[in-house]
Amino acid sequence: MTGRKTVLFLLSLLLLGCVSASYGDTEKAPDFNLLTIEGEKVKLKDLLGKGPILIDFWATWCKPCIKYLPKLQDLYKEYGEKGFMVLAINEDGPRNLSKVKPFVNSLGLQFPILLDKNSQVLRRFRGFGIPISVLVNPEGEIVRVHRGYRPGDEKMWVEEIEKHLIVKEPKAQIQ
């Protein structure tokens, strides 16, 4: 592929929203304070140190998001007891906020659903479209960013999640 064709190909992938990147250099995830759909305050900084956190930006009107959220629930169910957390940050505007809680309940999602009413947190994570998912390690560093959703993307997350789980070894029995 020529240089121009390569650039055009990469731009088309970005526009399609199907780009994933691992981070070689450490970049701290920007801290944020948001409310859950139940009105509880959540601060990213307070959740660090327990395991990897997958932050997913989504909206009720986003068709790929609707397909992706149940897959994230499956990941949460599989790894949640091992310290993995999903924070689903809703990007519906103020007009659609009343739809979020019934939508979440219809899917049976059990991880925290946060409200980013003005997309301030999405912008802090340099997001420009949804869905976008960001994996943060227990130290608060961004280790992977993935834009878009295609069936099977969740398999990529399994490897990434397992890399960053905090494994607690059982204590040796003294006899």
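The values are calculated or read from the model by the stated rules, or taken from the named source; none is laboratory data. Not measured: the values here are computed from a predicted model. No Cβ is skipped: glycine too gets one built from the backbone with ideal geometry, and neighbour counts run over all protein chains shown.
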Test: residue in region 74-86 that is within 20 Å of residue 129 (Cβ to Cβ), at pLDDT 95 or above and out of contact with any Lys or Arg (no Cβ under 9 Å at 6 or more places or on another chain): yes
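Would you point out which residue out of 17, 24 is modelled with pLDDT under 95 and at positive phi?
17
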Pairs, first over 17 Å from residue 124 (Cβ atoms) in region 30-46, second at pLDDT below 95 and buried (at least 16 other Cβ atoms within 10 Å of the Cβ), C-beta under 7 Å, six or more apart: none
Flag if residue 52 is modelled with pLDDT of 95 or more, loosely packed, with under 14 Cβ neighbours inside 10 Å and under 16 Å from the mean Cα position of the chain (by Cα): no
Complete set of residues in region 110-165 that are surrounded by fewer than 18 Cβ atoms within 10 Å (Cβ to Cβ), aliphatic (A, V, I, L, M) and within 14 Å of residue 86 (Cα to Cα): 158, 165
